[in-house]
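Please read the structure below before turning to the comments.
The values are calculated or read from the model by the stated rules, or taken from the named source; none is laboratory data. Note that this is a predicted model, so its numbers are computed, not measured. Don't worry about glycine lacking a Cβ; one is built from the backbone with ideal geometry, like all the others, and counts go over all protein chains shown.
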Amino acid sequence: MNHQSLRTEAIVLRRTNYGEADRILNLITPNHGKLTAIAKGVRRPKSKLAGGLELFAACDLIIRQGRGDMWLVTSSRLIHFYGKILNDYDRLRFGYEVIKMINRATETVTEPDFYHLLHASLAYLDDLDIDYLLVELWFRLRLLDMLGVGPNLATSTDGQVLVQGSDYNFDFASMSFIAHPSGRFSPRHIKFLRLANTKNPAFLKNVSGIEPVLNDCLWLARTIDT
């Protein structure tokens, strides 16, 4: 029987031990969506596959189609291991959350942007010069936009342009801001949300005066249900 083989970049979403030395892998790839593969013998000390199948890493894999939807890993090479994440509890905790959220978001649809978002998020988390909370805000806003449920940062609930000098609360039913004289969100909040929605964390780390608004912006991004 002729089994299809392909070479692909991949990030491991989940690893499950199987049998005495094998491991079942859930992978996300840039061009082939999510795949399930088995790495035979990978848990043996001298396995040639083990070093290329790390968590928090981008891997170069050659896989061969097996039975059903299961692929067989025949070759693995580590492209980049984002190991600094492992040395910081907050980055590690959020790194696992990022993988979990991407895994859930791609249960029914997978596009290349999801892979690239995960890859970039791991790279930014690995940069200790960037506050991981900035990475979290950026990631959550990007993911919400990709899922079509991002907050409306242009107009209020009545369709009016968000203006300087007005405070707002957020209406989750319409996913828009609503003017309120003592609202939680000021023009500074909305300006920073717009920046975080369009600029990456490497840019955001150089923006001054964000400390007073970051926590409120994170609260909003965390509260919107993905």
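Among the residues in region 61-74, are any assigned by TED's automatic domain parsing to the domain that holds residue 216 and touching an Asp or Glu at 6+ places or on another chain (Cβ under 8 Å)? Write out each step before concluding.
Going through region 61-74, the residues assigned by TED's automatic domain parsing to the domain that holds residue 216 turn out to be none.
Looking through region 61-74, none of the residues is assigned by TED's automatic domain parsing to the domain that holds residue 216 and touching an Asp or Glu at 6+ places or on another chain (Cβ under 8 Å).
Can you tell me which residue among 125, 141 is crowded, with 16+ Cβ neighbours inside 10 Å, closer than 30 Å to residue 34 by Cβ, in contact with a Phe, Trp or Tyr (Cβ under 9 Å, 6 or more places away or on another chain) and modelled with pLDDT of 95 or more? First the steps, then the outcome.
Working: 141 fails: in contact with a Phe, Trp or Tyr (Cβ under 9 Å, 6 or more places away or on another chain).
The match here is 125.
Only one of (1) out of contact with any helix residue (DSSP H, G or I) (no Cβ under 9 Å at 6 or more places or on another chain); (2) β-branched (Val, Ile, Thr); (3) part of a loop (DSSP other than H, G, I, E, B); (4) surrounded by 13 or more Cβ atoms within 10 Å (Cβ to Cβ) is not met by residue 42, so which one is it?
Result: residue 42 passes all but (1).
Since residue 104 meets every condition but one in (1) among the charged types (D, E, K, R); (2) touching a residue at least 40 places away in the same chain (Cβ under 8 Å); (3) touching a helix residue (DSSP H, G or I) at 6+ places or on another chain (Cβ under 7 Å), which condition does it not meet?
Result: residue 104 fails condition (3) only.
Just need a number here: residues in region 64-96 that are charged (D, E, K, R), in a helix (DSSP H, G or I) and exposed (fewer than 13 other Cβ atoms within 10 Å of the Cβ).
Pass one, region 64-96, residues charged (D, E, K, R): 64, 67, 69, 77, 84, 88, 90-91, 93.
Okay, now just the ones that are also in a helix (DSSP H, G or I), so 84, 90-91, 93.
In the following step, the residues that additionally are exposed (fewer than 13 other Cβ atoms within 10 Å of the Cβ) were identified as 93.
Number of matching residues: 1.
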